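Below is one structure; the comments refer to it alone.
The values are calculated or read from the model by the stated rules, or taken from the named source; none is laboratory data. Note that the coordinates shown come from a computational prediction; the quantities given were computed from them, not determined experimentally. Every residue, glycine among them, receives a Cβ derived from its backbone with ideal geometry; neighbour counts consider all protein chains shown. To get the accessible areas, we keep the full protein, side chains included, count just its heavy atoms, and leave off ligands, DNA and RNA. Shrake-Rupley method; radii C 1.70, N 1.55, O 1.52, S 1.80 Å.
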Amino acid sequence: MKIRITADSTCDLGKEQAERFGVDIMPLTVVLGDDVFRDGVDIAPQNIFDYVSETGVLPKTAAPSVDDYTAFFEKQLEKADAVIHINISKLASSSYDNATVAAKKFKGKVFAVDSMALSTGQGLLAVKACDLAAENRKPRDIVEILEGLRLKINTSFVPDRLDYLHKGGRCSLASLIGAKVLKLHPLIDMKDGKLYAKKKYMGGLDRCLSAYVKDLAESYPHYDRTRCFITHSNCEKETVEKVRAQVKSLFHFDEIIETVAGSVVTGHCGKNTLGVLFIYE
């Protein structure tokens, strides 16, 4: 049976990774003023930074409609017997609800999965689905495995600045001011499909990221060694390499994959946000 694995663009798998693993991407919409763009297709994170700098407001984002998903799934089924689609957390977007409605039109050939994650936390599930499909697992068996694994994904990140989170209503003014004065960097974690501030680090970004990676290693001694993602919103190369070296030292992943966050995720977290994401046991 030929199974296609697809995902919302919020999975933050770049073109290279999507092609390598065989994941087809459904773009969400990003709106900058009167201009409408497709995430990962005709807009880049730098467009987001420029827009927010010029206007002082965040871009708007929108989920694909039921009709959008229907057309997308129809195209996928032209070259497959079944489709498994990995959505961003249903608590963060209406994407899953719309995909579920569209999937019902295909009488058991399309399966929508709520990743209960975003960014490469969602991407990890998509890539794992590809691994399972390559083992000739049945679609329903793959979905069942994914729904178990989604509770064991470390989806966390450390932002360099809180102004984007503040503009988006995810950070209070007091926290914003305090972070600037005291050089605080929160660890944003995802639990049960929702984001929350787990703890705070103090100091420069590189120092805070080092403490973050150390905390991850202590918190998750047992993990799937197949792969992890270092995903960031246009961090400096030197910063990313420092994190990579520390991850390589403290963990034993078969591969460490770097990806750059897409425009939807970047629009909510701002520049220089970085996360190390993986499946734990």
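Under the combined filter of DSSP loop state and at most 14 neighbouring Cβ atoms within 10 Å, region 50-124 retains these trypsin sites (Lys or Arg not before Pro): Lys79, Lys107. If R0 is 35 Å, the Cβ-Cβ spacing of Leu184 and Glu144 corresponds to a FRET efficiency of close to 0.30. Within the accessible surface of region 197-281, defined with a 1.4 Å probe on protein heavy atoms only, the carbon and sulfur portion equals 49 percent. When Met116, Met1, Met202, Met26 are compared by accessible surface with a 1.4 Å probe, the order from highest to lowest is Met1, Met202, Met116, Met26. Placing a label point 7 Å from the Cα of Lys105 along the Cα-to-Cβ direction, the residues of region 62-95 whose backbone N falls under 14 Å of that point are 64-78. A Cβ-based charge dipole, computed about the Cα centre of region 27-149 with Lys and Arg at +1 and Asp and Glu at -1, lands at about 560 debye. Each listed q (0.14 Å⁻¹) maps to a log10 I(q)/I(0) for the chain, found by the Debye formula over equal Cα scatterers with no solvent: -0.98. If you plug each phi of region 237-246 into the Karplus form 6.51 cos²θ - 1.76 cosθ + 1.60 with θ = phi - 60°, what whole-Hz ³J(HN,Hα) values come out, in order, with x for Gly and Pro? Along region 237-246, the couplings run 4, 4, 5, 5, 5, 5, 5, 4, 4, 6 Hz.
Per residue, the chain reaches -12500 deg cm²/dmol at 222 nm when only DSSP H runs of four or more residues are counted, each adding -39500 (n - 2.57).
Placing unit charges on each Cβ (+1 for Lys and Arg, -1 for Asp and Glu) gives region 2-157 a dipole about its Cα centre, and among Ser115, Leu125, Leu146 the Cα reaching farthest toward its positive end belongs to Leu146.
With θ taken as phi - 60° and the Karplus curve 6.51 cos²θ - 1.76 cosθ + 1.60 applied, the whole-hertz 3J(HN,Hα) list for region 270-279 is x, 6, 6, 8, 9, x, 10, 10, 6, 9 Hz, x standing for glycine and proline.
Remark: accessible surface ordering of Glu54, Glu241 (largest first) is Glu54, Glu241, probe radius 1.4 Å. By the Stokes-Einstein formula, at 0.692 mPa s and 37 °C, region 189-274 with its Kirkwood radius over alpha-carbon pairs has D equal to 236 µm²/s.
For region 22-148, evaluate the Debye formula with one uniform point scatterer on each Cα (no solvent term) and list log10 I(q)/I(0) at q = 0.14, 0.15, 0.21 Å⁻¹, rounded to two decimals. Values, matching the q order: -0.65, -0.74, -1.25. Applying the Karplus relation 6.51 cos²θ - 1.76 cosθ + 1.60 with θ = phi - 60° to region 187-203 yields 3J(HN,Hα) values of 8, 8, 10, 10, 9, 6, x, 10, 8, 8, 7, 8, 7, 10, 10, 10, x Hz, where x marks Gly and Pro.
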